[in-house]
Amino acid sequence: MQPGSIDKRKDRRRIRVLVVDDSAIVRKILSDALQKHEDLEVVGTAPDPYIAREKIIALAPDVLTLDLEMPRMDGLTFLKKLMHYHPMPVIVISSLGQASCAQAVEALRLGAVEVLGKPSGPYSVGELQTTLAAKVHAAGSARLRGKWLRDKNADAVVSAPASPVPALRTIDQSVLIAIGASTGGTEAIEQVLLGMPEDCPPIVITQHIPAGFSLAFANRLNKSCRIHVKEAVDGDLTAPGRALLAPGSFHMVVKRQGTGYRVQVQDGPMVCYQKPSVDVMFASVAEAAKANAIGVLLTGMGADGARGLLKMHNAGAWTLAQNEATCVVFGMPREAVKVGAVDTVAALHDVARLILAGRPRRVA
């Protein structure tokens, strides 16, 4: 290093994290996992929301990790208050019980940007050391959206879709909509599906989400949307008015079957550090549906989905990406735009309408 030069690694501002969990063991596991990364700093820990409140004021963390089952005040109640009075990026770290998974998905609705399973053994602790850091990096760059925040930029307002345009309502099961997302994607996906009529084309979805939480997420979508949404199982058939969600920790692959499609749910190595991977699903859709598909890449950190969306584009599919103003994290859509995979960039509240309006003519 030349005299007087600046070490950019040291000059880069660290992401400051506050760990909130009633278990001293879990607080130590999470803190140790984060402190291994030079650009992350655990500025404090708290065993309950009341102490967390005081430390947020005193320490001004950039990101909060939050347990949901705590004494004196539960995590959901605290999250709701936090997003109303002091909005900040929150990563929920929850146990994998059925009730806890449902609460974690509700936390995403309330404004949390990510959910992770609480470590329960040596393997999960080791996996958490890399996964948690990646989630904190994403949360540190997240653009908070939702009903708790007022955004003066009209293009960034995520509102309910306009009345659906019926052009793409179809009985032709060969048309397939494929949607991929990561950080901030649970709310973005719901926004798109709320605009879908009961007879919309079949839909397949890959959202980066841990095992256990995907079932709760699918159940929540099924209750809120007009279409039928379910966590995919191996061999499921696609159908109009149905959306299949890739289960956490498994890839979902689409195969042609007659005039429609079926899905394969399979194990395998991570792709782009993810399982399920959007790239895996998009690549299979490109092969199975070719020009009869619509690819949609929503908010998320990283590059997963970009190469798969390019394969769809090259196979003749129509491809859309969410715009930066309405993304929680613009990483995945940005990478897809960079490689030339995207035909149309749109605000989130326009995505459902554009899908239903049908494919515009491509400009040669």
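The values are calculated or read from the model by the stated rules, or taken from the named source; none is laboratory data. As the structure is a computational prediction, the values presented were derived from the model and not from experiment. Methodologically, a virtual Cβ is constructed for each residue, glycine included, from the backbone with ideal geometry; neighbour enumeration extends over all protein chains shown.
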What single numbered condition from (1) farther than 20 Å from Val192 by Cβ; (2) surrounded by fewer than 23 Cβ atoms within 10 Å (Cβ to Cβ) fails to hold for Thr344? (1)
Okay, strands (runs of 3 or more DSSP E) sitting entirely in the range 192-277 with 3 or more residues that are closer than 22 Å to Leu309 by Cβ, I get 203-207, 242-245, 251-257, 260-266
Considering each residue of the range 240-277, count those that are surrounded by 15 or more Cβ atoms within 10 Å (Cβ to Cβ) and out of contact with any His (no Cβ under 8 Å at 6 or more places or on another chain), and give that number. 19
Any hit, the range 47-61, residues being assigned to a strand (DSSP E or B) and touching an Asp or Glu at 6+ places or on another chain (Cβ under 8 Å): no
When the range 301-315 is examined, which residues are found to be more than 26 Å from Ser141 (Cα to Cα) and either assigned to a loop (DSSP other than H, G, I, E, B) or not assigned by TED's automatic domain parsing to the domain that holds Ile209 (or both)? Ala315
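Look at Val342 and say whether it is within 16 Å of the chain's Cα centre (by Cα), outside any helix (DSSP H, G or I) and touching a residue at least 40 places away in the same chain (Cβ under 8 Å).
Working: within 16 Å of the chain's Cα centre (by Cα): no; outside any helix (DSSP H, G or I): yes; touching a residue at least 40 places away in the same chain (Cβ under 8 Å): yes.
Answer is no for this residue.
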Give the range 66-108 a look and list any residue that's part of a loop (DSSP other than H, G, I, E, B) and either of a type in the set (Gly, Ala, Ser) or loosely packed, with under 14 Cβ neighbours inside 10 Å (or both), or say none. Pro71, Arg72, His86, Ser95, Gly97
Somewhere in the range 275-282, is a residue at pLDDT below 95, assigned by TED's automatic domain parsing to the domain that holds Ser182, out of contact with any helix residue (DSSP H, G or I) (no Cβ under 7 Å at 6 or more places or on another chain) and among the hydroxyl-bearing types (Ser, Thr, Tyr)? no
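Give Ala341, Ala325, Ala352 a once-over and let me know the one that is among the aliphatic types (A, V, I, L, M), touching a strand residue (DSSP E or B) at 6+ places or on another chain (Cβ under 9 Å) and assigned by TED's automatic domain parsing to the domain that holds Pro201.
On the way: Ala325 fails: touching a strand residue (DSSP E or B) at 6+ places or on another chain (Cβ under 9 Å); Ala352 fails: touching a strand residue (DSSP E or B) at 6+ places or on another chain (Cβ under 9 Å).
From the options Ala341, Ala325, Ala352, the qualifying one is Ala341.
Counting only residues that are modelled with pLDDT of 85 or more, surrounded by fewer than 22 Cβ atoms within 10 Å (Cβ to Cβ) and either closer than 12 Å to Leu68 by Cα or in contact with a helix residue (DSSP H, G or I) (Cβ under 8 Å, 6 or more places away or on another chain) (or both), how many does the range 111-139 have? Before you say what the answer is, go through the steps one by one.
Taking the range 111-139 first, the residues modelled with pLDDT of 85 or more are 111-117, 131-139.
Narrowing the set further to residues that are surrounded by fewer than 22 Cβ atoms within 10 Å (Cβ to Cβ) leaves 116, 131, 133-134, 137.
Then drop every residue that is not either closer than 12 Å to Leu68 by Cα or in contact with a helix residue (DSSP H, G or I) (Cβ under 8 Å, 6 or more places away or on another chain) (or both), which leaves 116, 133.
Total meeting the criteria: 2.
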Within the range 295-316, count every residue that is closer than 22 Å to Pro360 by Cβ, surrounded by fewer than 24 Cβ atoms within 10 Å (Cβ to Cβ) and not charged (D, E, K, R). 5
